[in-house]
Structure formats: C-alpha cells, structure tokens
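Enquirer: Have a look at this one.
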Amino acid sequence: SLASTAVTCFTRGLDLRKETEDVLCPANCPLWQFYVFGDGVYASLSSICGAAIHSGVITNAGGAVRVQTLPGQENYPAVNANGIQSQVLTRWASSFSVTRTKNTALEAVGRSVSTARPSTGKRPKKPLDKKAGNKDCKADIAFLIDGSYNIGQRRFNLQKNFVGKVAVMLGIGTEGPHVGVVQASEHPKIEFYLKNFTAAKEVLFAIKELGFRGGNSNTGKALKHTAQKFFSLENGARKGIPKIIVVFLDGWPSDDIEEAGIVAREFGVNVFVVSVAKPTTEELGMVQDIGFVDKAVCRTNGFFSYQMPTWFGTTKYVKPLVQKLCSHEQMLCSKTCYNSVNIGFLIDGSSSVGDSNFRLMLEFISNVAKAFEISDIGSKVAAVQFTYNQRTEFSFTDYTTKEKVLSAIRNIRYMSGGTATGDAISFTTRNVFGPVTDGPNKNFLVVLTDGQSYDDVRGPAAAAQKAGITVFSVGVAWAPLDDLKDMASEPRESHTFFTREFTGLEQMVPDIIRGICKDFLDSKQ
C-alpha cells in the first residue's frame, strides 16, 4: 500500500488512529529530542520515529515505518541503542511496535537535504587587524591527526598540508580561533597547545615540523586523552569559547572509540570526525565497530561528520570544513548540564528542623552546588528560606563564582517558624525564577522540607512546572510522601527523594546531580 502518512519527528504512537498504520519519518530528526519509553515494545507516549531509529528499523535519514498498536504493559525498560537512550516507564495504557514496510519505493521520498546549514562564515577583509584574526569565528580547536601505520608517511604529509590550509583559512589570531595539534598513533602525543601560537604563520611552521610516529591507530585513546587534558585553562582554553576536536581518521580506529565519545560529550567538547578513505566492503570484516563515526561525534545529525574520498586534491574540502568549525551556534555539545543550569534551593526553616539539622541541609545544598560550573556565563545558584514567610537569601544574579555562592550558603541564618511550602514555591517561581525564565539556562528547583505543609503544594508546583521549572522534592523525617510526590516533576519516582534522618541527605547528593543532568540532556534541543 503506497498510502503512507507523513509524520513529524515528534508524532507519538498515541497520535495515530488505526491498529496498523504505515508512516513516513522525516530525515535529520534531532536525536536528543526524542522521548522513547521501552525497547522493542514502546509505550504509546513514545515518538514513533524515535522508536524506529532506536529499534534500528530506520536510520536518521528517515524512511517508511509500519506501526502496530499493542496493549499496554508494565515496566518498559530503558535501553541505549542507535544514539537514543530510551527511558523507564512503570506502566502505560497502550503500546506499539515498529517494523520495516515491505515497500521501498517510499524510501526515496523521505530523504531530504541536511537541516543543519552552516553559517556562511562571511569574513570582512580587514588588513589592519591581522593579529586579532577572525573575530567572528569563536573556537578553541584541537586537530587530532592520524599518525598510524594505516595512513603511512606519504599520506601523513598530505594530511599535514590539509590541516595547514584549514588553519590558515580559519583566521587564527589573538581574538580569533586558537588551535593545537595532537597526534594519534599507539600512544597520543600533544604536539602543541592552544596557548603556544596565536598567528597562522607560526602554526603553519609548527605543523610542517611534525614528525610521523607510526603505530596502531588508537584514536579512542587519543580522543579521550585530548578531551580530558588538552582544554585546561593553563593550556590556553578560553572561558565561554566552544571547545572542538577535529578527528582525522584514515581508514578506521584500532581501538574502541565509544567511551571516548561519551567522555568528550561530558566534558562539553564538540567532536567532529573527518574520515578519509573509509573502509571498503572487503575491509569491513577487519573493522571492530562499523558505526565508529556515530559513536565519536558530538551529535549524529550529520553536521559533525565529514568525508573525503582520498588525501589527494583536498583543497575544495577546506572551506566547507572551516565554515562548520566557525558556526558556534551549531556547537551543541558546548552546553553541558554543568555549565547551563539555574538551580534554586527552597529551604525549610521551620522550627521542627532545629539548628544542627539546618546546618546539614546547608551542607547538602553546598555539595550539590559544588558540582556545577558557576560563572557569569555558566550555571547559577539561588536560595530561598521559608517558614510562613519567605526570605530570598541570594538570587541567581548575586554571585557569579562558586566560592562566593558556597560562602553565601554557609552564611544563611536559620529563621525558625511555621511551614507554608506552597506559598514559598509561588514566591520563588515569581521572584527568583521570573527574571531568568527567558535566559539560556534550564531551570531547576530543589525543595527541601521536613514536614507537612499548612497550605496546598500541588497548585503552586504545577504552576512552577508550567513556567519551565523542573522540581525535585527532598523530604526528611515527617515530610509526607504525598506532598513530596505532588511537588515533584514527572516522572515522579525519579524526582522524589526521602530520608528518615537528616544525616541521610549526604547520600542523595550524587543522585540529585545525576537527575539534573539527565533532565538537562533529555530537554536538549
């Protein structure tokens, strides 16, 4: 049957009307935006195209999918597959499965041109300010070059020429892009750092001088080493400038690259892979992981991978690559949960807490805050204490360094009084989050309480969530579970925490941090 319904990236199983329906998924859906619950059998809350990519029925190039409605079930599992992390769901009323449609005439319709258009990298020619470089190109770049036996001495020299041309065209300068080079072979070697040169001439000379090392092509090892060691402030990385690694790979890696890709993303590094002479059909048997490019890149949306057939005649590939490297709005991995969130703490100051337990609450929020990169361009922290009244201890804009935030937390004085948690949530939504709701950071509210609230918490919490704030509730001692669940964001199980004793708060710190990071990644657009 040729009657396929075209759907969007976000159409869910429950949006379809028929028992069995053939749909056509578009190309280049942003993988990190998919909500998928389960594995093989998906809760109907899931995105159809997301489930189809997750189960391997189609790739991100889109295509035709047959959707079969199934009864609901319990305990949909979370499984990471094909670049999508599905999530756990305790139960849902209906499910669906996805299979390939018999008909392939359809497939061609689904292919569309890549949606990620690089900015045109227009650069006014200003001969005056040669030293400053191309100010429109904001990037700190590590070129991870292939120094393995795979590439060999002759092509290694062609690779150096290509990297040299890219470096020149980038417009390196004090206020433009900064670059360094790492050579991957058996063991990685950092050849020079970002801080070593700020003029294209010097960089060109340094690249010409590089010697070929030879050895296995341990790209994974080199990528991990570069992500962890290369971009430190003392080595010349600049605050607020996208960190980029361009991996050049002749053939394929000898080692595993998946873990290195994960580490790079965690460190907020944007990984590009330039693959040259990719494995032929005869060679595929030797490649331990055919999907090595997708495992390494920042996002599998097509923007971060780049192919050249050979090292000969590569001049025409220089400019398109430079344009990609200079499109800082496309650097989706620069924003990590550590540098792109606002966390507001709402602290119960009621008389049942007591002075020493109040200190334990402050210690808990310090330990959560400590994990984040707090700065004027990074994450921000605010705190409100409440009884019947509310007191803003400090707002998101008061302190822009971690030291100042931690010292402000230490100096919070215990109020002692009643418990009006609902009012306090409304107050915080309006006065503390109000000024930052249009900002770039994702908003989180962590509510700490030790007892029953005198007022309704459900309404104010729903309003906070509607305003884009994700709520975690942390209860101690006499805090009723119903209140905690009513305040928490969905899925409630993973946003509700409880401990009998105040000393139990300490063990929850990593879970709260992990929860914030998971929500941040799920929301990435």
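The values are calculated or read from the model by the stated rules, or taken from the named source; none is laboratory data. Since the model is a prediction, treat every value here as computed from it, not as a measurement. Ideal geometry is used to build each Cβ from the backbone, glycine not excepted, and the neighbour counts take in all protein chains shown. The accessibility values were calculated without ligands, DNA or RNA, using every heavy atom of the protein model including side chains. Shrake-Rupley method; radii C 1.70, N 1.55, O 1.52, S 1.80 Å.
Enquirer: To the nearest 0.05, what FRET efficiency results for Gln73 and Ser523 with a Förster distance of 25 Å applied to their C-beta separation?
Expert: Values: r = 26 Å, r/R0 = 1.06.
Working from the Cβ atoms, E equals 0.40.
Enquirer: Under a cut-off of 12 Å between alpha-carbon atoms, report the aspartates and glutamates in cross-link reach of Lys402, not counting same-chain residues fewer than 8 places apart.
Expert: Glu373, Asp376
Enquirer: Sequence neighbours fewer than 8 away in the same chain don't count; with that in mind, list the lysines whose C-alpha is under 20 Å from Lys138.
Expert: Lys122, Lys125, Lys126, Lys130, Lys165, Lys195, Lys201, Lys239, Lys243, Lys319, Lys324, Lys335
Enquirer: Do the sum for the chain: with -39,500 (n - 2.57) for every DSSP H run of n ≥ 4, divided by all residues, what is the mean residue ellipticity at 222 nm, to the nearest 500 deg cm²/dmol? Don't jump to the answer; show the numbers that get you there.
Expert: Values: 14 runs with 140 residues, N = 525.
Calculated at 222 nm, the ellipticity per residue is -8000 deg cm²/dmol.
Enquirer: A follow-up question, please. Quick one: order Lys335, Lys201, Lys404 from most to least accessible surface, probe 1.4 Å. The partial results should precede the final answer.
Expert: Numbers: Lys335 90, Lys201 175, Lys404 115 Å².
Descending order: Lys201, Lys404, Lys335.
Enquirer: For a quick check of understanding: with a 1.4 angstrom probe and all protein chains in place, what accessible area in square angstrom does Lys195 have, to the nearest ten?
Expert: Surface open to solvent at Lys195 totals about 110 Å².
Enquirer: Of all beta bridges DSSP finds with both residues in the chain, what is the antiparallel percent, to the nearest 5? Could the numbers behind the result be given before it?
Expert: Values: 31 of 84 bridges.
Here the share of antiparallel DSSP bridges comes out near 35 percent.
Enquirer: In addition: Largest first, how would Asp398, Asp483 line up by accessible area (1.4 Å probe)? Don't skip to the end; give the middle numbers.
Expert: Numbers: Asp398 85, Asp483 25 Å².
Ranked list, largest accessible area first: Asp398, Asp483.
Enquirer: Continuing with this model, one more query. Can you send over the solvent-accessible area of Ile190, 1.4 Å probe, protein chains only, in Å² to the nearest 10?
Expert: Approximately 40 Å² of Ile190 is accessible to the 1.4 Å probe.
Enquirer: Please give the net charge around Val203, taking every other residue with its beta carbon less than 13 angstrom from that of Val203, where Lys and Arg add +1 and Asp and Glu add -1.
Expert: Working: positive: Lys160, Lys165, Lys195, Lys201, Lys208; negative: Glu191, Glu202, Glu209.
Net charge in that neighbourhood comes out at +2.
Enquirer: Same structure again: With both bridge residues required to lie in segment 379-483, what share of the DSSP beta bridges run antiparallel, to the nearest 5%? Write down the numbers at each step before the final one.
Expert: Details: 4 of 11 bridges.
Just about 35 percent of them are antiparallel.
Enquirer: Expressed in nm to one decimal, what extension gain is obtained for the pair Asp15 and Lys239 from 0.36 nm per residue of sequence separation less their Cα-Cα distance?
Expert: Details: separation 224, 0.36 × 224 = 80.64 nm, distance 4.42 nm.
My answer for the length gained is 76.2 nm.
Enquirer: Considering only protein heavy atoms, with the full assembly of protein chains and a 1.4 angstrom probe, order Met286, Met308 by accessible area, largest first. Can you show the working numbers first?
Expert: Numbers: Met286 125, Met308 5 Å².
Solvent-accessible surface, decreasing: Met286, Met308.
Enquirer: Stretch Ala477-Asp438 to full length: gain in nm at 0.36 nm per residue minus the Cα-Cα span? Don't skip to the end; give the middle numbers.
Expert: Details: separation 39, 0.36 × 39 = 14.04 nm, distance 3.63 nm.
Taking 0.36 nm per residue and subtracting the Cα distance, the gain is 10.4 nm.
Enquirer: Now, a different point. How large is ³J(HN,Hα), in whole Hz, for each residue of segment 73-81 in order, when computed from phi with the Karplus curve 6.51 cos²θ - 1.76 cosθ + 1.60 and θ = phi - 60°, using x for Gly and Pro?
Expert: 8, 10, 6, 5, x, 9, 9, 8, 8
Enquirer: Oh, and also: Using a 1.4 Å probe over the heavy atoms of the protein chains, calculate the carbon and sulfur portion of the accessible area of the chain as a whole percent.
Expert: Working: 12700 of 23760 Å².
The nonpolar share, carbon plus sulfur, comes to 53 percent.
Enquirer: With axes computed from alpha carbons, what is the tilt in degrees of helix 355-370 against the longest principal axis of the chain, rounded to the nearest 10 within 0 to 90?
Expert: Its long axis makes an angle of about 20 degrees.
Enquirer: Something else: Rolling a 1.4 Å sphere over the protein heavy atoms, what is the accessible area per residue of the chain, to the nearest Å²?
Expert: Details: 23760 Å² over 525 residues.
The answer is 45 Å² per residue.
Enquirer: What whole-number volume per residue, in cubic angstrom, does the convex hull of the C-alpha atoms of the chain give?
Expert: Hull volume normalised by residue count: 167 Å³.
Enquirer: Give me the angle, in degrees from 0 to 90, between the Cα long axis of helix 505-523 and the longest principal axis of the Cα atoms of the chain, rounded to the nearest 10.
Expert: With both axes taken from Cα atoms, the answer is about 50 degrees.
Enquirer: Separate question: Using Cα-Cα distances under 8 Å and only pairs 6 or more residues apart, what relative contact order does the chain have, in percent? Each step should come with its number before you reach the end.
Expert: Values: 1153 pairs, mean separation 53.5, N = 525.
RCO, the chain: 10 percent.
Enquirer: Going by the alpha-carbon gyration tensor, a ≥ b ≥ c the square roots of its eigenvalues, is segment 463-502 rounded (a/c under 1.5) or, if a/c is not under 1.5, prolate (a/b greater than b/c) versus oblate?
Expert: prolate
Enquirer: Leaving out ligands, DNA and RNA but keeping every protein chain, what accessible area does His225 have, in Å² rounded to the nearest 10, with a 1.4 Å probe?
Expert: Solvent-accessible area, nearest 10 Å²: 60 Å².
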